[in-house]
């Protein structure tokens, strides 16, 4: 489709496509983190502002403590998710055929296709290694053929040391028992805002995206695209 090709080329693909991004993304970047955060703090979103902030503070403090304690007993060299990813990738690489071209350059045959792997530049022609900053199955096969360690070719940010560093910080507790109203001036007292609730039930569900089209499911015939009231399918 010439029109589609022209649109894609002119829309600066290096800004949104992993394959054309010039820098490092360490995998796919999307808004999942924001979605996870919104779901995680959902119980606190209906609280007054002061209580809401303190509720989220306690959530973060407990989460940091739990993960900090969990990292202390980890003995593997990568973070848990990346360790599993590397193990699955290595298992996929066992059936690949490796042809040596030079010291650290290889041709890896995967089915009816071949890929060029350069261990010195840490690149593969499939671009999986460059995008994820973690060895793809072709590079795993090449590394294994040289009897080298896969961990030596992993990005440092996936190492367990950096994983521990992410949760090393401590969110200090805030005492309230020692506080006394007489010791606080009125200027430091945070009063609730003066708002009036609108009539009707408060909205608790997020507004769905305009690009998401909900498909109804019929409870009578179990088919999609209509509901029980408009169903005209014969029932055996």
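Summary table below
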{"quantity": "Calculated diffusion of region 82-174, Stokes-Einstein form, Kirkwood radius summed over Cα pairs, 10 °C and 1.306 mPa s, µm²/s", "calculated": "112 µm²/s"}
{"quantity": "Stokes-Einstein D (µm²/s) once Rh is taken as the Kirkwood radius of region 32-73 over alpha-carbon pairs, at 37 °C in 0.692 mPa s", "calculated": "290 µm²/s"}
{"quantity": "For region 1-38 and region 93-134, distance of Cα centres in Å", "calculated": "24 Å"}
{"quantity": "Mean Cβ count within 10 Å, highest first, over the residues of peptides 148-154, 193-199, 229-235, 39-45", "calculated": "148-154, 39-45, 229-235, 193-199"}
{"quantity": "Rounded tilt (10° steps) of 49-72 against the dominant C-alpha axis of the chain", "calculated": "40 degrees"}
{"quantity": "P(r) tail fraction, the chain - alpha-carbon pairs more than 31 Å apart, %", "calculated": "57 percent"}
{"quantity": "Convex hull projection area averaged over all views, region 1-81, Cα basis, nm²", "calculated": "9.6 nm²"}
{"quantity": "Nearest 10 degrees, 0 to 90: helix 80-93 Cα axis against the chain principal axis", "calculated": "20 degrees"}
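Computed from the coordinates by the stated procedures, all read-outs in this text should not be read as laboratory data. Nothing here was measured: the structure is a model prediction, and the numbers come from that model. Counting neighbours? That spans all protein chains shown, and the Cβs are built from the backbone with ideal geometry, glycine included.
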